[in-house]
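**Q** This is the structure, below, for whatever I ask next.
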Amino acid sequence: MGVNLYVFLWRGDTSIPAVMEQAAMAGHEDSGKAENSAEGKGEGEEAAEDGEAEAEAEIASGEPRWVDGEVQSGDSMGGILRREGMTPPEADELIRALRDHMDLRKIRPGQSYRLRFDAAGHLELFEFEVSRTTKVRAERDADGTLVGREDKAETEVRIEEIGGRVESSLHATMSRVGEDPSLVAFFADVFAYDVNFFTDTRAGDSFRIIVEKEYLEGDFYRYGRVLAAQYSGHVGTFDAFLWNDPRTREDAYYDSEGRSVEKSLLKTPLKFTRISSKFNPKRMHPVLHTERAHMGVDYAAPTGTPVWAAASGRIVGRRPMGGAGNCVILQHDNGLQTVYMHLSKFAKGQRVGEHVKSKTVIGYVGATGLATGPHLHFGVKEKGRYVDPMTLKMARGASVPRKYRAKFNAEMERLAERLRRVPVDAGQQQMLVQSGN
């Protein structure tokens with residue numbers, strides 16, 4: 001049995017009985033109603049009638065009709081097509097042509113679209129701007145069939161060096177040196193196992209980055225891969241170099257000694273404001289007022305703050321668990337188990353048994369269960385026993401294999417030399433510009 005996709009993408013009461021009822025009502029309207037309704041028309045009705053009149057005039061002229069529009073809040077693709085006057089069969093055909101090239105459920109307010117109708121009012125062309133670099137088109141071929149395709153604009157990739165010295169925050173410093181603060185997220189991911197950029201940064205710390213920057217028609221579009229980076233501050237000096245492992249063909253970061261920068265756990269699994277309670281086997285419980293072991297670390301943060309998986313692993317628990325509230329438990333390949341308690345809600349689309357990558361959002365901070373306020377209780381089990389996450393010695397990931405070390409060293413030295421020349425102080429940067437280097 002055929003299914004009309006258009007029906008399911010429309011909003012409102014579009015069940016088959018409702019549609020049939022509406023059609024019946026439309027067919028039996030009083031013929032005198034149209035003459036007496038002009039005074040009661042709203043602006044929307046008048047605009048719709050004006051649009052219909054304009055379309056009829058264009059059809060009569062024999063010229064193609066163009067329609068330009070923009071996705072509004074609450075729009076669905078079906079609703080847009082209905083609003084632009086497409087018949088259900090034609091809209092259904094268009095949706096079938098588009099669905100292999102875009103997710104029709106993920107359209108966003110502000111995205112633009114164009115339609116072209118022939119003189120008889122039939123759709124000839126549909127264009128939808130998914131992003132600044134991607135458009136999806138559906139156009140009729142020689143046989144009259146709508147055929148969809150994806151068009152991507154070419155971007156120019158430039159490798160650039162960035163350096164700076166922290167004054168107040170890393171975000172503010174990025175802006176001061178002329179970069180988009182979104183670069184902080186890329187930078188933070190590289191050193192997520194060594195530096196907590198929400199609490200560890202201090203005035204006077206410095207950073208150097210070699211990064212891919214994409215340009216679209218001469219204007220900056222977005223950041224690509226961080227090829228090399230260094231952070232130096234009161235917590236230490238750390239460097240990282242991107243290298244593609246020939247065995248897995250995957251990119252990963254290694255330090256200058258060829259050791260993986262990835263460790264068994266992230267330093268912290270969220271952006272937090274403060275540590276409200278540390279690991280303590282003899283803590284006085286704030287709700288029960290009895291001595292009760294506190295087998296983890298409490299991170300105070302606003303309700304709704306995203307909570308990340310501290311390492312890649314499999315979800316083995318994900319449900320309300322009494323005093324722990326909404327709780328997620330992850331089992332990791334290194335034998336560790338991590339526990340995330342008091343969540344306000346779980347991340348959508350995940351389930352027990354699913355594998356998640358490090359820093360994947362698994363839930364959101366809350367105060368469910370026995371809690372005095374919004375916070376994340378983060379626990380770590382090693383060999384079945386709770387251990388202090390803040391003193392746990394983190395094991396590193398695999399190093400560059402010996403057979404590839406020479407190749408890695410050559411690439412690393414080239415990037416390291418380039419990093420060393422990146423200025424971090426405003427005076428050095430100005431001298432570099434004036435010298436023309």
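The values are calculated or read from the model by the stated rules, or taken from the named source; none is laboratory data. Fair warning: this is a prediction, and the values are worked out from it, not measured in the lab. Counting neighbours? That spans all protein chains shown, and the Cβs are built from the backbone with ideal geometry, glycine included.
**Q** Would you mind listing the strands (runs of 3 or more DSSP E) fully within the stretch 288-383 where at least 2 residues are β-branched (Val, Ile, Thr) and closer than 28 Å to Ala252 by Cα?
**A** Working: elements: 297-300, 306-308, 313-320, 326-331, 336-346, 361-365, 375-382.
Answer list for the stretch 288-383: 313-320, 326-331, 336-346, 361-365.
**Q** Could you list, in sequence order, all residues of the stretch 241-259 that are touching a Ser or Thr at 6+ places or on another chain (Cβ under 9 Å) and part of a strand (DSSP E or B)? Give the derivation first.
**A** Just the residues of the stretch 241-259 that are touching a Ser or Thr at 6+ places or on another chain (Cβ under 9 Å), to begin with: 241, 252-254, 257-259.
Passing the criteria: Phe241, Ala252, Tyr253, Tyr254.
**Q** Could you go through the stretch 407-415 and let me know if any residue there is in a helix (DSSP H, G or I) and touching a Leu at 6+ places or on another chain (Cβ under 8 Å).
**A** Let us first name the residues in the stretch 407-415 that are in a helix (DSSP H, G or I), namely 407-415.
Next, only the ones that are touching a Leu at 6+ places or on another chain (Cβ under 8 Å) stay: 415.
Within the stretch 407-415, one or more residues are in a helix (DSSP H, G or I) and touching a Leu at 6+ places or on another chain (Cβ under 8 Å).
**Q** Ok, one more. Would you please name the residue that is nearest to Glu70 (Cα to Cα), looking only at residues in the stretch 102-152 that are in contact (Cβ under 8 Å) with a residue 60 or more places away in the chain and surrounded by fewer than 15 Cβ atoms within 10 Å (Cβ to Cβ)?
**A** Within the stretch 102-152, the match that is nearest to Glu70 (Cα to Cα) is Arg132.
**Q** Another one. Please specify each residue of the stretch 153-175 satisfying the condition of being of a type in the set (D, E, K, R) and touching a Phe, Trp or Tyr at 6+ places or on another chain (Cβ under 9 Å).
**A** Glu156, Arg158, Arg165
**Q** OK, next. Could you check, for the stretch 203-226, whether at least one of its residues is free of Cβ contacts under 8 Å to residues at least 60 places away in the same chain, surrounded by 15 or more Cβ atoms within 10 Å (Cβ to Cβ), in the same structural domain as Ala252 (by TED's automatic domain parsing) and out of contact with any Asp or Glu (no Cβ under 9 Å at 6 or more places or on another chain)?
**A** Yes; the residues of the stretch 203-226 include at least one that is free of Cβ contacts under 8 Å to residues at least 60 places away in the same chain, surrounded by 15 or more Cβ atoms within 10 Å (Cβ to Cβ), in the same structural domain as Ala252 (by TED's automatic domain parsing) and out of contact with any Asp or Glu (no Cβ under 9 Å at 6 or more places or on another chain).
**Q** Related question: Using the structure shown, decide if Glu161 is surrounded by 15 or more Cβ atoms within 10 Å (Cβ to Cβ), in contact with a Leu (Cβ under 6 Å, 6 or more places away or on another chain) and not aliphatic (A, V, I, L, M).
**A** Numbers: surrounded by 15 or more Cβ atoms within 10 Å (Cβ to Cβ): yes; in contact with a Leu (Cβ under 6 Å, 6 or more places away or on another chain): no; not aliphatic (A, V, I, L, M): yes.
Judged against the criteria, Glu161 is not a match.
**Q** Name the residue, out of Ala311, Ala252, Ala301, that is touching a Pro at 6+ places or on another chain (Cβ under 8 Å), at pLDDT 80 or above, surrounded by 16 or more Cβ atoms within 10 Å (Cβ to Cβ) and of a type in the set (A, V, I, L, M, F, W, C).
**A** Every option except Ala301 fails the conditions.
**Q** Just for the stretch 164-180: of the residues that are in a loop (DSSP other than H, G, I, E, B) and more than 22 Å from the chain's Cα centre (by Cα), which one is surrounded by the most Cβ atoms within 10 Å (Cβ to Cβ)?
**A** Step one: filter the stretch 164-180 for residues in a loop (DSSP other than H, G, I, E, B), giving 166-169, 177-180.
Remaining after also requiring more than 22 Å from the chain's Cα centre (by Cα): 166-169, 177-178.
Working: Val166: 22, Glu167: 12, Ser168: 10, Ser169: 15, Val177: 16, Gly178: 9.
This residue is Val166.
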